[in-house]
Each structure stands twice: as C-alpha cells, then as structure tokens.
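To start, the structure itself, in structure tokens.
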Amino acid sequence: MIDANTVICCLIGDPVEHSLSSLIHNAGYQALGINYVYVPFRVKDIKRAIEGIRGLGIRGASITIPHKTSAIEYIDKVDPLAKEIGAVNTIINDDGVLTGYNTDCEGALKALAEVLTLGGKRAVLIGSGGGASAIAVGLKKNSVELVVLNRTEDKARKLAKQVNAEDFGSLERLPVVSSADILINATSVGMWPRANESIIPKHLLHNRLAVFDIVYNPKETRLLAEARERGCVIIYGYKMLLYQAAMQFELFTGYQAPLPAMESALTQVLEGERYATHFDRR
Ligand code: NAP
C-alpha cells in the first residue's frame, strides 16, 4: 500500500511509454516486500525535473533518452565511471545531494562475463550512440582489443579516440568480424517494429564468435537467431537491461536485487503477448 512512508523512485525520459523499467523495479520491491514504488515520468525539461527530485525527496531516478548527458549539469556529483562515459543513467538522492552513476556499462559487462572472459579478446562493436559508448569504455577497461564501426563514420572515429580503441570505420568494414571473438550490435537495427532487419550479413557470422545484441525487443532479434543458426554463443540484450536495473535497485534501496523475480517479470512480458498489446513496442 502506498502511504506517507513509501519511498519513491522514478524514470525520467521522453518517451517513457515503452519502458520496462517500472515493471522490473516494482517486481523487485514486491519480491522483497519493501515500501518502495517506481513511477515513469515523461520529461521535457530536465533541469526542472531534477529540482523536483530534490523538492519531493525522490530517492532515486533512472535517466533515459534524451537526458543522459544533459542531466550531468544539474547534479552535485558524478561517479568516475559515469564521468568517463560522459552520461548518467542513474541519480541517487542522499538527503538532497544528487550523485550520478552509469550502470549501463557494468550491466553489459556482466551479461558478457556470464558466457566468456574478456581479457585479450578482439571485439567488433557496431554503433556509436549512448549504449555503444558505455560498452566501449567497459571493454577497454577489460583489455579487449576493440574495433568500433558505425553508419556515420565520424562518430565511430570520435568514440574510438575517446576510449583508445585499436581501430574504427564505417559499416563497409563489417568483414573484420571474420577475425573477431566478440560481435556487439549497439545500434537500434533489428528493434521492433523492424524486427526483420539485421546489421550484419549472416555469412559473416562464424562459430568462434560470441554475439551480443543490446536490442532487447524482440527478445531474440534476427541477428541473434542467425548467430544461433551459425553456431555462435549468443547473449540477449535483455540481460544488460536486467543487470543495469539490478545495480540501480541496489543503489536505490541498499538491498541485494532479487534477480529471479526481476528477470521473470521482464521475460514474461518480452515473451508474451502482453508487451505487444500494452506497450508501444518502439
Ligand atoms: P542512440 O544513442 O540513438 O544510437 C543509435 C545508434 O544506432 C547509432 O550508432 C546510429 O548510427 C545507429 N543506427 C540507427 N539506425 C541505424 C541504421 N538504420 N543503420 C545503421 N545504424 C543505425 O541509441 P542508444 O541509446 O545507443 O540505443 C541503441 C539501441 O540499443 C536501442 O535499440 C536501445 O533500445 C538499445 N539499448 C539497450 C540497452 C539494454 O540495456 N539492453 C541499453 C541501451 C540501449 P548513426 O550514428 O549513424 O546515427
């Protein structure tokens, strides 16, 4: 029951209608029986929304597109990893002092670490937006040899320079995948409703490759389905979503996240009809 003692956490972004964060966090609160609630706010003005966090005593916020970079200007402290990435996806309010974190990076690393060891591996990362930047920082911290490819080559160049990647290029360089151990799609290609698209031709996928698609809607993208057919190890994007949310949960509550309950809430929706009918699957 929501009452005067309920601790409030929220999502701040625009749009937020498609987000699964409320579902994951509230499933965690229910599993632990703690008096917390998580609500999504569609926000245009990030400055006033952050004033609202202070004014209303909101405990924590997930920050999503388009505010992950601009939010930094209005908070008090930024965790070193988030500073390096240049984006916060989490704000914690400790008695009015707001600190920004980035849990996308470690969420992705945890999803990868479940199936492989990173050190010394060669990875091709496709994309140079927010998700790709967080992952690129994490891969370089784990001594991965990194090639960044992007539709807009100039953005790949900038990201490669920012993280000291070994190489970069446009999507014409996709055949470099033949010598890679890890392939990561961090573009929105393959996301609902264009789920029949894949960023990479199937014939370039080889059975020594681990393939991670950070797109989680649909749960198994065309890239992952084709990678499975070609004998690759596959890593679902929903795992990154789950693990970054679990880290937020722990920052918000101080409790260990109840991963089975949070994962089950998430996969039930991704695998069922409910998501198609109750959310705009963008
Ligand atoms: P973003 O900052 O807008 O970046 C989008 C990236 O996709 C850019 O590199 C862009 O290339 C590329 N792209 C878009 N359309 C393309 C196309 N038709 N062909 C080739 N490249 C294309 O977005 P983001 O926040 O990084 O998110 C990217 C995807 O990852 C989304 O589907 C998002 O839902 C997902 N995501 C998942 C998680 C998770 O936890 N699993 C976390 C973050 C994001 P240009 O630079 O050339 O435009």
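In the chain, the alpha-carbon atoms span a convex hull of 126 Å³ per residue.
Summarising the overall dimensions of the range 106-238 from its C-alpha atoms, the Rg and Dmax are 13.1, 36 angstrom. When the chain is described by a simple charge dipole with +1 on each Lys and Arg Cβ and -1 on each Asp and Glu Cβ, the residue from Leu174, Pro193, Ile75 located farthest towards its positive end is Leu174.
Between the Cα long axis of helix 104-113 and the first principal axis of the chain there is an angle of about 50°, rounded to the nearest 10. Under a model in which nothing but the beta-carbon of Lys, Arg (+1) and Asp, Glu (-1) is charged, the range 106-238 shows a dipole of about 100 debye around its Cα centre. Counting only protein heavy atoms and a 1.4 Å probe, the chain has 46 square angstrom of accessible area per residue.
Is there a pair in Lys83/Lys110; Lys47/Lys161; Lys83/Lys140; Lys47/Lys239; Lys68/Lys239 whose C-alpha atoms are over 22 Å apart, and which pairs would that be? Exceeds cut-off: Lys47/Lys161; Lys47/Lys239.
Legend: calculated FRET efficiency, His206 to Ser70, from the Cβ-Cβ distance at R0 = 41 Å, rounded to 0.05, equals 0.50. Of the heavy-atom accessible surface of the chain (probe 1.4 angstrom), what whole percent is carbon and sulfur? Carbon and sulfur together cover 50 percent of it.
Here the Karplus curve 6.51 cos²θ - 1.76 cosθ + 1.60, taken at θ = phi - 60°, turns the phi angles of the range 255-266 into couplings of 9, 5, 5, x, 4, x, 5, 5, 5, 5, 4, 5 Hz, with x standing for Gly and Pro. Between Asn5 and Asp154, the contour length at 0.36 nm per residue exceeds the Cα-Cα span by 48.7 nm. Multiplying the residue separation of Leu171 and Asp94 by 0.36 nm and removing their Cα-Cα distance gives an extension gain of 23.3 nm. Where only DSSP H runs of four or more residues are counted, the chain gives -11000 deg cm²/dmol as its mean residue ellipticity at 222 nm, each run worth -39500 (n - 2.57). Between the listed residues Gly107, Leu139, Leu159, the Cα displaced farthest toward the positive end of the dipole of the range 106-238, a dipole computed from Cβ unit charges relative to the Cα centre, is found at Leu159. If the chain linking Asn164 and Val233 were pulled fully straight, counting 0.36 nm for each residue of separation and taking away their Cα-Cα distance, it would gain 22.2 nm. Gly237 sits among other residues whose Cβ lies under 9 Å from its own Cβ, and their net charge, with Lys and Arg +1 and Asp and Glu -1, is +1. Which stretch or stretches of the range 208-232 have amide N atoms under 14 Å from the point lying 7 Å from Asn196's Cα along the Cα→Cβ direction? Within reach of a label on Asn196, which here means backbone N under 14 Å from a point 7 Å along Cα→Cβ, the range 208-232 contributes 222.
The values are calculated or read from the model by the stated rules, or taken from the named source; none is laboratory data. All of these numbers come straight from a predicted model, not from anything done at the bench. Glycine also receives a Cβ, built like all others from the backbone with ideal geometry; neighbour counts cover every protein chain displayed. Ligands, DNA and RNA are stripped out before the accessible areas are found, and what is left, the full protein with its side chains, is counted by its heavy atoms. Shrake-Rupley method; radii C 1.70, N 1.55, O 1.52, S 1.80 Å.
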